[in-house]
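Chemist: Structure provided below as structure tokens; questions to follow.
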């Protein structure tokens with residue numbers, strides 16, 4: 001029973017609650033960023049890629065020693081990461097200005 005009390009005391013500390021809220025918000029931001037990238041940014045890039053004589057970004061592949069490296073999907077992930085980091089930077093700056 002003592003362990004249960006210690007667990008409840010630990011979980012109700014303010015720092016733990018802030019971390020939990022931060023994780024939930026960041027998970028939601030990641031989902032939103034993925035949707036933004038997949039449904040708005042990348043479809044806008046595909047016509048540009050075709051005009052440059054290429055194909056859709058996510059279908060770019062390189063074969064090395066029989067292994068298929070999906071370079072296009074990696075580029076998509078990098079774009080998604082950069083958009084997420086830009087969002088975090090902007091939100092952080094906004095919160096600092098409010099203080």
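Chemist: Once the Cα atoms of helix 42-51 and of the chain are each reduced to a long axis, what angle between those two axes, in degrees from 0 to 90 to the nearest 10, is obtained?
Modeler: The angle comes out at about 20 degrees.
Chemist: A follow-up question, please. Taking only Cα atoms and a 10 Å spring cutoff, compute GNM fluctuations for the chain and point out the largest among 75, 19, 64.
Modeler: 64
Chemist: Helix-only estimate, please: 222 nm mean residue ellipticity of the chain, summing -39500 (n - 2.57) across DSSP H runs of length 4 or more and dividing by its residues, to the nearest 500.
Modeler: That calculation yields -24000 deg cm²/dmol at 222 nm.
Chemist: Helix 14-36 sits at what angle to the longest principal axis of the chain, using alpha carbons and giving 0 to 90 degrees rounded to 10?
Modeler: Once rounded, one gets 20 degrees.
Chemist: Round to the nearest 10 and give me the degree value, 0 to 90, for the angle of helix 2-11's Cα axis relative to the longest principal axis of the chain.
Modeler: 50
Chemist: For the chain, would you read off the P(r) tail past 20 Å as a percentage of all alpha carbon pairs?
Modeler: 60
Since every read-out is calculated from the coordinates, none of them should be taken as a lab result. All figures in this text were calculated on a predicted structure; none of them were measured in a lab.
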